[in-house]
Amino acid sequence: MTKIGLAYVNGAVPGFEDFGNLPTDIVKENGLVNGNKASDELDALIIPGGTLIESNDIDMGLNKEIKKMARDGKPIIGICAGFQLLSNQIDIGRKSPVPIIKEGLGIIDVNFSPLITSDRVKAKVFKNSFLVENQNEDVDGFHTHTYGKVEGDAKPLFYSKVQRMNYGDTNEEGDYNIFSGACNDDGNVIGTMIHGILDENPILVENLKNQIDIKDMDEIYNRNLEVKKYLQSEVGINSGIKITENRKNDRPKYLMIGSNGSDSGKTFILTGLAGAIRKRGYKVALLKVGPDVRDIIPGLYLTKGKMEEFSSIKIGHLGWSDIESTIKKLNNSDYDIVLIEGVMSVFTGLLNEKVPFSAAEIAMSSKIPMILATGVNKGGIESAAVDIVAHTNMLNNLGVTVEAILLNKVYNENIFDTVVPYIKENTNVDNILKLPKLKSADMRGFIPEVEIRYELFTSHAMNLIEENLNIEEIIAMTSEVEFEKIYSFEEIKERVI
């Protein structure tokens, strides 16, 4: 019986993609499969993306099994962080004046350093491994990573065409190519930064099937269903938080997490809500306004959800899928609740002549209800209250329903209690919520766009949300939506100015 392992370790996102529906067995940090060594039990291994490098010191029993399988010539496919694990070293010091070096396993002769990309991509193929035999066209997939600059002497497999790097466009043609895949000298150990590589390129799946001589695909798919059932039985990885019920909505219901600026905690709030709602048995879709889908990955770590082709909502030329087609696809899906993370302030880009170009316009287009969040850590609770009132009333002028206002990082409950009547008297919002300032002394690994440890970030987010918010009340704020229209620049100006 052919067995294909899927690494299930802290910091991994094994539900992020389907991996060609091939994994048949779960492999944990101890490197065992059904009580036996993975190198003895498995015919191939897939190592998913995530924050394996930030989340682990990679001193896992699984590492010995990876090295043994590599020496034995068995196929190993590492994707994103899985690729980093197989490399020589990784510099995770993106905002550090000096490199912060993490050692890899040294199986593929490349090094990594900071480079942000989050594009849907096509990638040129170099035929240095069994995996890409007969792949005569470019492969498809997507990037979403922070440490994606690959350099080294390993045999190349893929070069991805990207349109944006480090928050800026590459050039007008969008044809900047970056090294995005390589293999060891024998070609059996493959690393790539391209997510969806096995889901979107059937020839690669066929090559892997032939390489390990799969005879009965029905058996593989049936065992894969059991793997997915296992993934969906738990919130997060090794958390012990079981999903004990299955609750269904007739149609998906939507809620946006917007804010009055960056550093308000949108990602933290969305992550905690995603885990808390998934725990209650709902299938949760997570979307991001704009291109930086890295922000929703911590939530997907908890829900074991997929990064969908519509997970990034286009604003201007940035992103993957326009809001009209996104709503249509979601309304015909089996998702129960859709949480959407805004970008910067809800009004950032509102007066750009390209439409839509802001989170407010996305909400306007389909009457998506919103929780409007503000961080109180910069100007104080009083300033945040004044600012959030102005934002709320402008959203009301634009036809967006603010279901709740959330003051985040509250450091003084007496001041919060004092500003609540002011907010209620000056808006039409009754639900004024708060989250306290985190008391954790060590915040390293808490910044999604710099360095993040998923198991640490997500556990704090989910715990804080569940301890301070009524999740059933939040669920009641969601509503069914239909796409209506994209408002023109002139229509927006009439409402704003």
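The values are calculated or read from the model by the stated rules, or taken from the named source; none is laboratory data. Please read these numbers as outputs of a predicted model, since none were measured by experiment. Here the Cβ positions follow ideal geometry from the backbone for every residue, glycine too, while neighbour counts run over all protein chains shown.
Summary table
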quantity	calculated
Qualifying residue in the stretch 119-126 (condition: among the small types (G, A, S), in a loop (DSSP other than H, G, I, E, B) and crowded, with 22+ Cβ neighbours inside 10 Å)	no
Odd one out for F19, checked against (1) at negative phi; (2) touching a strand residue (DSSP E or B) at 6+ places or on another chain (Cβ under 9 Å); (3) crowded, with 18+ Cβ neighbours inside 10 Å	(1)
Positions within the stretch 20-41 being hydrophobic (A, V, I, L, M, F, W, C) and either under 20 Å from N238 (Cβ atoms) or outside the structural domain of V227 (by TED's automatic domain parsing) (or both), in sequence order	I26, V27, L32, V33, A38
Any hit, the stretch 6-29, residues being without any contact (Cβ under 8 Å) to a residue 24 or more places away in the chain, over 20 Å from G104 (Cβ atoms) and not in a helix (DSSP H, G or I)	no
Single residue of P99, P75 found to be surrounded by fewer than 24 Cβ atoms within 10 Å (Cβ to Cβ) and free of Cβ contacts under 8 Å to residues at least 24 places away in the same chain	P99
Residue selected from the stretch 108-118 under the condition in a loop (DSSP other than H, G, I, E, B) and out of contact with any Pro (no Cβ under 8 Å at 6 or more places or on another chain), by the criterion surrounded by the most Cβ atoms within 10 Å (Cβ to Cβ)	I108
Single condition T244 does not satisfy, out of (1) more than 30 Å from I368 (Cα to Cα); (2) in a loop (DSSP other than H, G, I, E, B)	(1)
Looking only at the stretch 367-387, and only at residues there that are surrounded by fewer than 18 Cβ atoms within 10 Å (Cβ to Cβ) and under 20 Å from L270 (Cα atoms), the one that is modelled with the highest pLDDT	K367
The stretch 395-451, residues that are touching a Ser or Thr at 6+ places or on another chain (Cβ under 6 Å) and modelled with pLDDT under 95	P448
Residues satisfying the stated conditions in the stretch 450-483, i.e. among the aromatic types (F, W, Y) and either in contact with a Cys (Cβ under 8 Å, 6 or more places away or on another chain) or crowded, with 19+ Cβ neighbours inside 10 Å (or both)	Y454, F457
Residue match in the stretch 460-473 (condition: under 28 Å from S365 (Cα atoms), assigned by TED's automatic domain parsing to the domain that holds S358 and either in contact with a Phe, Trp or Tyr (Cβ under 6 Å, 6 or more places away or on another chain) or of a type in the set (G, A, S) (or both))	no
Selection within the stretch 30-70 - in contact with a strand residue (DSSP E or B) (Cβ under 6 Å, 6 or more places away or on another chain), of a type in the set (G, A, S) and either touching a residue at least 60 places away in the same chain (Cβ under 8 Å) or in a loop (DSSP other than H, G, I, E, B) (or both)	A44, G49, G50, A70
Condition broken by K329, with the remaining ones in (1) in contact (Cβ under 8 Å) with a residue 24 or more places away in the chain; (2) within 22 Å of the chain's Cα centre (by Cα) satisfied	(1)
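Here's the yes/no breakdown for (1) outside the structural domain of V13 (by TED's automatic domain parsing); (2) surrounded by fewer than 24 Cβ atoms within 10 Å (Cβ to Cβ); (3) in contact with a strand residue (DSSP E or B) (Cβ under 8 Å, 6 or more places away or on another chain); (4) touching a residue at least 12 places away in the same chain (Cβ under 8 Å):
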| position | (1), (2), (3), (4) |
| --- | --- |
| L286 | yes, no, yes, yes |
| L300 | yes, no, yes, yes |
| K306 | yes, yes, no, yes |
| E309 | yes, yes, yes, yes |
| I313 | yes, no, yes, yes |
| S325 | yes, yes, no, yes |
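Rundown of residues vs (1) in contact with a Pro (Cβ under 7 Å, 6 or more places away or on another chain); (2) among the β-branched types (V, I, T); (3) closer than 17 Å to Q232 by Cα; (4) not in a loop (DSSP other than H, G, I, E, B), yes/no style:
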residue: D250; (1), (2), (3), (4): no, no, no, no
residue: I257; (1), (2), (3), (4): no, yes, no, yes
residue: S262; (1), (2), (3), (4): no, no, no, no
residue: G275; (1), (2), (3), (4): no, no, yes, yes
residue: Y282; (1), (2), (3), (4): no, no, yes, no
residue: L287; (1), (2), (3), (4): no, no, no, yes
residue: D295; (1), (2), (3), (4): yes, no, no, yes
residue: Y301; (1), (2), (3), (4): no, no, yes, yes
